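Engineer: Got a structure for you, questions after.
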Amino acid sequence: MGIVQKIEEIRDARWFSNLTTFIILAYASVLGFKTIGEVEEHYALFLTFADSFVTIYFVFEIAIKMVAEKKFINFFKSGWNVFDFVIVVITLLPLEQSGFAAVARVLRVFRVLRLFTARPELKAIIDMLIRAIPSIIDIVILMFIIFYIYAIVGNFYFSDLPSGLWKDFLVSMLTLFRVLTFEDWTDVMYEAMEVYPWAWIYFVSFVIIAAFVFFNLFVAVIIGEMQKIQESDFHDEMHEDSKKLDILLSEIKVLREEVQELRGKKE
């Protein structure tokens, strides 16, 4: 077995993915640990070692992925590989001893994002969300239209309320967002009902439309994308199985021809 094939096996091995996941989670814990009191002063040597170790490991990992590609340029054809490469390069920039030390600290946090590419399951979820963006944008546009209409109506009727939650269009939009998150939305409704007893219709209808209907639409879009990915994976597997079956049938055909030739020679 060649060295390149061995490296390919390491890249695709489950243990290598699990090791990367463990190191990223451990480093994330270290970053959180540094924010506790004066920990950074007492454990400065350990934290420096942890940071250097993670940097070296990430360079080692990205090098394995590059070498495992049959053509070097193929590595950059994957958006996830480019994402990994950019994060590694950014964290290698010598900013710690410069005037950008604060920026360097922030950039360290981005190493945790490598968890997306270390776990195939997380990668699949992110891909699914990216595919769902066009449908989500349409839902957001529709949601904005509903917000716009209700904000105008709310400002028209409730602008004189003492709380000032409906004094203009923008404030009305924020108030509706508060209602959408169910943050004391009944207080807003009861205040309006003291002046307009029918105001409950306005709020209840908005909650039903914005909170329940649109939430279910988001869920439906995500589930739909999950089903599409599963169907695509199923078709890919069927295609691969079909290829293997064709190869097997062709081999059987060749064997039959060879057997017939051998029989003809014996006769």
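Engineer: Taking only pairs six or more apart or across chains, which ones have beta-carbon atoms under 6 Å, a first residue in region 155-170 that is open to solvent by 50 Å² or more (accessible area, probe 1.4 Å), and a second residue that is in a helix (DSSP H, G or I) and of a type outside the set (D, E, K, R)?
Structural biologist: Listed pairs, sorted by first residue: 169/151; 169/155.
Engineer: Within region 182-198, is even one residue open to solvent by 40 Å² or more (accessible area, probe 1.4 Å), under 29 Å from residue 223 (Cα atoms) and touching a residue at least 24 places away in the same chain (Cβ under 8 Å)?
Structural biologist: yes
Engineer: Kindly check whether there is at least one residue in region 231-247 that is assigned to a helix (DSSP H, G or I), at pLDDT 75 or above, over 30 Å from the mean Cα position of the chain (by Cα) and of a type outside the set (Ser, Thr, Tyr).
Structural biologist: There is at least one residue in region 231-247 that is assigned to a helix (DSSP H, G or I), at pLDDT 75 or above, over 30 Å from the mean Cα position of the chain (by Cα) and of a type outside the set (Ser, Thr, Tyr).
Engineer: May I ask you to list the residues in region 75-89 that are open to solvent by 20 Å² or more (accessible area, probe 1.4 Å), touching a residue at least 12 places away in the same chain (Cβ under 8 Å) and farther than 15 Å from residue 127 by Cβ?
Structural biologist: Of everything in region 75-89, just one residue is open to solvent by 20 Å² or more (accessible area, probe 1.4 Å), touching a residue at least 12 places away in the same chain (Cβ under 8 Å) and farther than 15 Å from residue 127 by Cβ, namely 85.
Engineer: Considering each residue of region 139-181, count those that are under 22 Å from residue 217 (Cβ atoms) and touching a Ser or Thr at 6+ places or on another chain (Cβ under 6 Å), and give that number.
Structural biologist: 1
Engineer: If residue 49 satisfies all but one of (1) in contact with an Asp or Glu (Cβ under 6 Å, 6 or more places away or on another chain); (2) open to solvent by 70 Å² or more (accessible area, probe 1.4 Å), what's the number of the condition it fails?
Structural biologist: (1)
Engineer: May I pose another question? Sort out which residues of region 149-171 are in a helix (DSSP H, G or I) and farther than 16 Å from residue 209 by Cβ, and write them in order of number.
Structural biologist: 155, 156, 157, 158, 169, 170, 171
The values are calculated or read from the model by the stated rules, or taken from the named source; none is laboratory data. In this text, all values refer to a predicted model and were calculated from it rather than measured experimentally. All Cβ positions, glycine included, derive from the backbone under ideal geometry; neighbour counts span all protein chains shown. To get the accessible areas, we keep the full protein, side chains included, count just its heavy atoms, and leave off ligands, DNA and RNA. Shrake-Rupley method; radii C 1.70, N 1.55, O 1.52, S 1.80 Å.
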